[in-house]
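Visitor: Encoded as structure tokens, here's the structure I'll be asking about.
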Amino acid sequence: RGRRQQMLQSLAALGLLLSPAPHGATRAATRVLQPRLAERPVAAVAPEPVGGPIEALIDAVAASKCGSINQLLVNAGDKEAVLGLVTEYKSLMNAVNIATSLHRLASLEKKNRAERDALLRDPRFEALLDAVVKRSEEFTPRQTADLLWSFATLRHWPPMLLKPLLLRVVHHLDRRSFAPHQLSIVTWAFATLECKPVNLLVAIEKQAELACSSFNPQNCANLLWGFAKLGQPTGTLLPAIAKRLKTKDLYLQCKPVEVADLAFACANMGTTPEGCSLEEARALLARLSTLATGQTSLNQFSSRQLVTLVWAHAKLDCRPPESTLAGWSHAVRAADSQRLMQAADRITLEHSLERMGEECYGVWLPPKERPKADEVEANQADVAA
């Protein structure tokens, strides 16, 4: 028992315990040690590794402490709580804690733009970025993917992070250590951050082709959308993903956002010289379009997602069934009546329907209002001038 108390005291002195040793144990150990220290001075000696089971115990206690910090970060309810923990434990945080901190901040702030902008200017957040650079060579595949997701979600990609994180991606790609879903996360993050490391994308493409048999619908959508958004040529990914989605009708599990992202990829990859064939893109788009039918399913699609589907058909020069098109038209007009469609979506819809030989205003959207007489006179005066 006395030996255990001395070990607890030593660990507490090293700062490796979350809570101090029991009061009685510390006092007893002090009574034993103090007379001996007073009797004779000990010459300073060079520190040596402890080794053996004691070193293993110290490592285990340190890991336990970082694990406790991680749990506190996961349970933090707002950015102030996260940043407070980062400040309090900055000297003890390991690579896992750093990645968790940023992932938690991104999860909390992704829908609050004003708060997100304030976060990016916070000195505590900047200190966290410094820690990312310092610990960059320690990040595992999961932590690397989580960090890229976090920065993409925050729409923040400072130049100081470019080299260390890209080198870490290279490291894991060379060792083929990314899990299949992590390949899709990394690709999505690159596209969101508008970062196009061509050689890395080529490596991701090769590994994703071999791993896509384990993709879920979200992985499929993120990967194809990322390649399409970056304009990275690939003639093999879409057929491989289409085959995966067809297996056991996996495509039926696609959510509206995934349907829209996959439709975007079909339209772009099917119309580029180095992409897939037009027939392959049209076939996948037709299968996806069946998910946006029926009152229950259709109500889950936003007007923007439906506009993307219309745009994709127009770009691929194909047409959905008339009943499907009518359902989309009704849903878009109903959504626009509740919340006015954004100007860019309105223009995209108008041009796409025009290409398909369809009327936009009066059918899909309310008729355009005729300009008032005074506005007409003003325009005529401008033209004359």
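Visitor: Lys315: which lysines have alpha carbons under 16 Å from its alpha carbon, excluding same-chain residues fewer than 8 sequence positions away?
Guide: Lys229
Visitor: To continue, here is another question. Tell me whether region 170-238 comes out rounded, prolate or oblate; compute the Cα gyration tensor, take square roots of the eigenvalues as a ≥ b ≥ c, and use a/c under 1.5 as the rounded threshold.
Guide: Details: a/c = 1.37, a/b = 1.08, b/c = 1.27.
Rounded is the answer for region 170-238, as its axis ratio a/c remains below 1.5.
Visitor: Additional query: Using every pair of alpha-carbon atoms in region 310-374, split the distances into 10 Å bins beginning at 0 and state the percent of pairs per bin, rounded to integers.
Guide: 19, 53, 22, 5, 1
Visitor: Explain nothing, just compute: Karplus ³J(HN,Hα) = 6.51 cos²θ - 1.76 cosθ + 1.60, θ = phi - 60°, for every residue of region 197-210 in order, whole Hz, x for Gly and Pro.
Guide: x, 4, 5, 5, 5, 4, 5, 5, 4, 5, 6, 5, 4, 6
Visitor: Let me ask something additional. With r as the distance between the Cβ atoms of Ala286 and Ala179 and R0 = 25 Å, compute the FRET efficiency 1/(1 + (r/R0)^6) and round to 0.05. List each step's numbers first, then the result.
Guide: Working: r = 31 Å, r/R0 = 1.25.
According to the calculation, E is roughly 0.20.
Visitor: Ignoring ligands, DNA and RNA, please state the percent of accessible area on region 137-183 from carbon and sulfur, probe 1.4 Å.
Guide: Values: 1220 of 2270 Å².
Here carbon and sulfur together make up 54 percent of the probe-accessible area.
Visitor: Moving on to the next point. With all protein chains present, how much of the accessible area of region 296-340 (probe radius 1.4 Å) comes from carbon and sulfur, to the nearest whole percent? Let's see the in-between values first.
Guide: Details: 1140 of 2410 Å².
Roughly 47 percent, rounded to a whole number.
Visitor: Let me ask something additional. Using each residue's phi in region 211-223, evaluate 6.51 cos²θ - 1.76 cosθ + 1.60 at θ = phi - 60° and report the 3J(HN,Hα) Karplus result to the nearest Hz, with x for Gly and Pro.
Guide: Listing the rounded values in order: 9, 5, 5, 10, 6, 9, x, 5, 4, 4, 5, 4, 5 Hz.
Visitor: Can you return the lysines within cross-link range of Lys65? Criterion is Cα-Cα under 17 Å, with same-chain partners fewer than 8 residues away left out.
Guide: Lys90
Visitor: Using θ = phi - 60° and the Karplus curve 6.51 cos²θ - 1.76 cosθ + 1.60, what whole-Hz ³J(HN,Hα) does each residue of region 276-286 get, with Gly and Pro shown as x?
Guide: 7, 6, 4, 5, 5, 5, 5, 5, 5, 4, 4
Visitor: With an 8 Å Cα cut-off and a minimum separation of 6 or more residues, compute the relative contact order for region 119-178 in percent. Don't skip to the end; give the middle numbers.
Guide: Details: 24 pairs, mean separation 25.9, N = 60.
Relative contact order, region 119-178: 43 percent.
Visitor: Moving on. What's the center-to-center distance, using Cα atoms, between region 96-120 and region 225-257 in Å?
Guide: Between the Cα centres of region 96-120 and region 225-257 lies a distance of 29 Å.
Visitor: Can you work out the accessible area per residue across region 273-314, with the rest of the protein chains kept in place, probe 1.4 Å, in square angstrom? Could the numbers behind the result be given before it?
Guide: Working: 1920 Å² over 42 residues.
Accessible area per residue: 46 Å².
Visitor: Can I ask one more? Given R₀ = 45 Å, what would the calculated FRET efficiency be for Glu137 paired with Lys248, taking r from the Cβ atoms and rounding to 0.05?
Guide: Details: r = 41 Å, r/R0 = 0.91.
Rounded to the nearest 0.05, the efficiency is 0.65.
Visitor: Tally up the carbon and sulfur contribution to the accessible surface of region 236-291 as a whole percent, 1.4 Å probe, everything protein left in place.
Guide: Working: 1420 of 2550 Å².
C and S atoms contribute 56 percent here.
Visitor: Beta carbons within 10 angstrom, averaged per residue: use that to sort the peptides 143-152, 74-83, highest first.
Guide: Details: 143-152: 22.8, 74-83: 15.9.
Highest to lowest by the protection proxy: 143-152, 74-83.
Visitor: Counting alpha carbon pairs within less than 8 Å and at least 6 residues apart, what relative contact order, in whole percent, applies to region 80-228? Spell out each step's value before the answer.
Guide: Details: 134 pairs, mean separation 34.0, N = 149.
Value for region 80-228: 23 percent.
The values are calculated or read from the model by the stated rules, or taken from the named source; none is laboratory data. Just so it is clear, the model here is predicted, and its values are computed rather than measured. Quick reminder, even Gly has a Cβ in these numbers, built from the backbone with ideal geometry, and neighbours come from all protein chains shown. What goes into the accessible areas is simple: the full protein's heavy atoms, side chains included, and nothing from ligands, DNA or RNA. Shrake-Rupley method; radii C 1.70, N 1.55, O 1.52, S 1.80 Å.
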